[in-house]
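The values are calculated or read from the model by the stated rules, or taken from the named source; none is laboratory data. Note that the coordinates shown come from a computational prediction; the quantities given were computed from them, not determined experimentally. Here the Cβ positions follow ideal geometry from the backbone for every residue, glycine too, while neighbour counts run over all protein chains shown.
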Amino acid sequence: MNSQAEVQITGFSGRVWEKDLLDCGYRIALHKAEVELSPGNGFRFRFSMPEDGYAELDLFARSDSDWAAKDRESAFVRLYLNEAYNQDVILYYGSSQGVYTRLLGYLKEGDYEVYAEFRELESAPLVSRAWIDGVELRCVADSSPRSLIYRHTPLLYGRNLSHPYENRFTDTPLVLFYSVEGNEEKTVIEYQMMFSHEDEGTPAPLLMSKWGRTTDIEWMYRVELDAEGNVLEAVFQGEHHITTAFNGNYDLGGHPVLQSATTNGNFKDDITSDYRFMLPPAFHWKPEEEPREAVMSRFPFAYQVTGWEMERQQELEMPSQASSIALAHQRSYVFIQTSKRPLRDSDRESAPASKPGFNRREEDACVDVQLRLHGSEQWYSSCHYDLRLGDFRAAYEGAESHFSTTIKLSGEAVLEDIAEIRAVLLEGGADSMEVVGLCAFTLNEDNLPQFPGIRTDRVIKLTRLQPVGVLWAADKDMSGDEEHPVNDMVKHVVDELSSQDGES
């Protein structure tokens, strides 16, 4: 391994690293301008672990790639730790600087060296170099309140179905996040991976209706622990979405090893590929407060990367037509996030969920979100008026009470053009549902979400006799019921992002 750039990282800043409002460990930072990676030219840096724990690396990098262009999709960078292969980084953000965060594994106290190597054969054919503008390394110590989450984070091998390094140009991993539930006797941690897309599964024209996104979000690995932290059960989402007992290996300091195995985002524990990633648990998802798509608002580059992949892989409808189910550019859609829960017919109280944030399927029903523009009486439907394509239904049918969808418009969607947004109870399932809260937004010219958008905490009740209810109207006060606060996506994230904007 040849190195043309070498730097020494020493000392700690003395500041704690804050993520999800928890103090997690130490931060050390390095900014090294324009270190070029090309065949034969690498980047080497050293660091010291002050105590046993998990090493997390931010790689500030760019390349002469373009995720929207065939054969220029990305650069492939391999990381070595103390001369041993650690993992790979797919530079999918092109010539703009991206922050690629990787978990290097569990390390003992001591000195370490990382080497970053450009891999010409694994990179896109027309990509010949990359640049590292800086690195930042953090230590999440054993004493950190998040160490338990880090301990069981999966190491993921890349998919190799149509190409040995398939994630170099399609369905690449973007963000790993997790949820936690439990009591004094046991804790269950579930890890979910967001990929840039899924090559199969829900048909592309229905993705925006059914999920409100073209990324693929899949639960990956779930572990149940006793009060002492011992593993009681470990499972993963296997082929055909079957929950499968984990019988695989552990690596990089005790992390379970899985592989991306199918074109619709399922996994296996017998490894057949030779490239891998370990993304850190970047976001604590709370299903009782927000939809899974909330992670995309915390990491908005996901909208850009999946949009570029759609431009390259799909024939997008141009200009977009609201009456067509064809997939169009993301800027033609109004993004919707809301929640629904079944009501008991007897007393009209919310039916208790099987677990927080989830509805019992036998008590659930689908809801269509519709909007009307100023000066028009036409309503545009999120699910194209309950469209069915074979076994696929355009309406959201998932178990989570909080969900996302989109409403397609002709041309570019403009939030100020919206006069009214309503919810409609669809056929089948429960006879009465409660719809709580709304966040509606569009993407700007950079394909990033524009906040604060439209938001309300209004609560409406839908029944078979009264299946339509107004969630928001431009000319009315649609404030909600204080007993039913708006979900976290609407109430907290927007304020959080606005606060960050004010600090920048």
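For region 397-426, the set of residues classified as buried (at least 22 other Cβ atoms within 10 Å of the Cβ) and hydroxyl-bearing (Ser, Thr, Tyr) consists of 401, 404, 405, 406, listed by residue number.
Checking the structure you have, find out if any residue of region 408-429 is under 24 Å from residue 283 (Cα atoms) and modelled with pLDDT under 95. I'd like the intermediate steps shown before the answer.
Pass one, region 408-429, residues under 24 Å from residue 283 (Cα atoms): none.
Checked region 408-429: no residue is under 24 Å from residue 283 (Cα atoms) and modelled with pLDDT under 95.
Scanning for something over 27 Å from residue 177 (Cα atoms) and either aliphatic (A, V, I, L, M) or surrounded by fewer than 22 Cβ atoms within 10 Å (Cβ to Cβ) (or both), does region 132-141 turn up at least one residue? No - not one qualifying residue is present in region 132-141. Selection of region 100-146 for residues being within 26 Å of the chain's Cα centre (by Cα) and under 23 Å from residue 70 (Cα atoms) yields 100, 122, 123, 124, 130, 131.
Within region 178-185, is even one residue under 20 Å from the mean Cα position of the chain (by Cα), small (Gly, Ala, Ser), surrounded by fewer than 23 Cβ atoms within 10 Å (Cβ to Cβ) and farther than 22 Å from residue 252 by Cβ? Walk me through it before giving the result.
First, pick out the residues of region 178-185 that are under 20 Å from the mean Cα position of the chain (by Cα): 178-181.
Of the ones still in play, those that are also small (Gly, Ala, Ser) are 179.
Applying the additional criterion that residues be surrounded by fewer than 23 Cβ atoms within 10 Å (Cβ to Cβ) yields 179.
Restricting the remaining residues to those that are farther than 22 Å from residue 252 by Cβ gives 179.
Among the residues of region 178-185, at least one is under 20 Å from the mean Cα position of the chain (by Cα), small (Gly, Ala, Ser), surrounded by fewer than 23 Cβ atoms within 10 Å (Cβ to Cβ) and farther than 22 Å from residue 252 by Cβ, which makes the answer yes.
Hey, can you tell me all the residues within region 232-270 that are of a type in the set (Val, Ile, Thr) and in contact (Cβ under 8 Å) with a residue 40 or more places away in the chain?
Of all residues in region 232-270, those of a type in the set (Val, Ile, Thr) come to 235, 242-244, 257, 262-263.
Listed by number, the residues that qualify are 257, 262, 263.
Each residue in region 59-92 was checked for being surrounded by fewer than 24 Cβ atoms within 10 Å (Cβ to Cβ), over 17 Å from residue 276 (Cα atoms) and in contact (Cβ under 8 Å) with a residue 60 or more places away in the chain, and 7 pass.
Tell me whether region 105-114 contains one or more residues that are within 25 Å of residue 302 (Cα to Cα) and touching a residue at least 40 places away in the same chain (Cβ under 8 Å). Yes, some residue in region 105-114 is within 25 Å of residue 302 (Cα to Cα) and touching a residue at least 40 places away in the same chain (Cβ under 8 Å).
One line per residue, one yes/no per condition, for (1) at pLDDT below 95; (2) of a type in the set (Ser, Thr, Tyr); (3) touching a Lys or Arg at 6+ places or on another chain (Cβ under 9 Å); (4) assigned by TED's automatic domain parsing to the domain that holds residue 103:
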{"position": "235", "(1), (2), (3), (4)": "no, no, yes, no"}
{"position": "242", "(1), (2), (3), (4)": "no, no, no, no"}
{"position": "254", "(1), (2), (3), (4)": "no, no, yes, no"}
{"position": "296", "(1), (2), (3), (4)": "no, no, yes, no"}
{"position": "303", "(1), (2), (3), (4)": "no, yes, yes, no"}
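When we screen 292, 276 for residues that are within 19 Å of residue 215 (Cα to Cα) and within 21 Å of the chain's Cα centre (by Cα), the only hit is 292. Output yes when any residue across region 128-138 is in contact (Cβ under 8 Å) with a residue 24 or more places away in the chain, among the basic types (Lys, Arg), farther than 30 Å from residue 397 by Cα and touching a Lys or Arg at 6+ places or on another chain (Cβ under 6 Å), and no when none is. Checked against the condition, which is being in contact (Cβ under 8 Å) with a residue 24 or more places away in the chain, among the basic types (Lys, Arg), farther than 30 Å from residue 397 by Cα and touching a Lys or Arg at 6+ places or on another chain (Cβ under 6 Å), region 128-138 yields at least one hit.
Which of the residues that make up region 376-422 are among the hydroxyl-bearing types (Ser, Thr, Tyr) and not in a strand (DSSP E or B)? Show your work before the answer.
Within region 376-422, the subset among the hydroxyl-bearing types (Ser, Thr, Tyr) is 376, 380-382, 385, 396, 401, 404-406, 410.
Matches in region 376-422: 376, 382, 385, 396, 401, 410.
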